[in-house]
Structures are given as structure tokens and as C-alpha cells.
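Enquirer: The structure is given below, and queries will be raised subsequently.
Computed from the coordinates by the stated procedures, all read-outs in this text should not be read as laboratory data. Nothing here was measured: the structure is a model prediction, and the numbers come from that model. Glycine also receives a Cβ, built like all others from the backbone with ideal geometry; neighbour counts cover every protein chain displayed.
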Amino acid sequence: MSWMSVMEIKEAVGKLSLPERVRLLAELCDWSEDEWDRQMRQDAGLGKFSGLNESALQAGKDGQLKSLEKGLAEE
């Protein structure tokens, strides 16, 4: 059996799509989908977050966003 190094695992995770990363995190943390998750997915499918998405996209275009790492470092 061949074991991957932590660096190899991090590189592999970095190649995953966002939904795949969420699924992996959920499995690693033993999270299961609950009613809140189902409701959020349904609301998103109905477009209830489109205004928030548009605002976030515009903020990114306007240079008003910063990386998560930078934001956490400022705390």
C-alpha cells in the first residue's frame, strides 16, 4: 500500500471543485445533511440569493474584497 504525503493530499484537494471540497469536508467532519442544508439548497435553487451573489460579484469587480487569509490575519 502506498501512502500519500500531506503535501500530496493538499495538492489533490486543491484540484477539487468547490462542491467536491465541501463534500470531502463534510465526510471528514462526519457532517450529515440536515434540514437547514436542504432548505438552503432549495432556496438557492429558487434564486433567493441572487441579489447577494450580484452584490458580491460587484464588490469583487470594484476591488472591495480581500482574501480569507488576509481577513483572518487582521483579526
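Enquirer: Which value at 222 nm does the chain reach when only helices count, each DSSP H run of 4 or more adding -39,500 (n - 2.57), with the total divided by all residues and rounded to the nearest 500 deg cm²/dmol?
Expert: Using -39500 (n - 2.57) per qualifying helix, the result is -19000 deg cm²/dmol.
Enquirer: If you don't mind, another one. Got a sec? Which residues in the range 29-49 would a label at Leu16 touch, if it sits 7 Å along Cα→Cβ and we count backbone N under 15 Å?
Expert: Answer for the range 29-49: 29-33.
Enquirer: Trypsin sites (Lys or Arg not before Pro), restricted to the chain: which are DSSP loop and have at most 16 other Cβ atoms within 10 Å?
Expert: Sparse-neighbourhood loop trypsin sites (Lys or Arg not before Pro): Lys15, Lys48, Lys66.
Enquirer: Here is a further query. Please label the shape of the range 35-75 as rounded, prolate or oblate, based on the square roots a ≥ b ≥ c of the eigenvalues of the alpha-carbon gyration tensor (a/c under 1.5 means rounded; beyond that, a/b larger than b/c means prolate, else oblate). Walk me through the numbers on the way to the answer.
Expert: On the way: a/c = 5.15, a/b = 1.62, b/c = 3.18.
Because a/c hits 1.5 or more and a/b fails to exceed b/c, the range 35-75 counts as oblate.
Enquirer: While we're on this one: Output ³J(HN,Hα) for the range 3-12: one whole-Hz value per residue in order, computed from phi by the Karplus curve 6.51 cos²θ - 1.76 cosθ + 1.60 with θ = phi - 60°, and x for Gly and Pro.
Expert: 9, 8, 6, 4, 4, 5, 5, 4, 5, 5
Enquirer: Fewest first, what order do Met7, Met40 take by the number of other Cβ atoms within 10 Å?
Expert: Working: Met7 8, Met40 13.
The fewest-first ordering by Cβ neighbours comes to Met7, Met40.
Enquirer: Could you point to the label whose value was computed as volume of the Cα convex hull per residue in Å³ for the structure here, given (1) 167; (2) 79; (3) 99?
Expert: From the options (1) 167; (2) 79; (3) 99, the structure gives (1).
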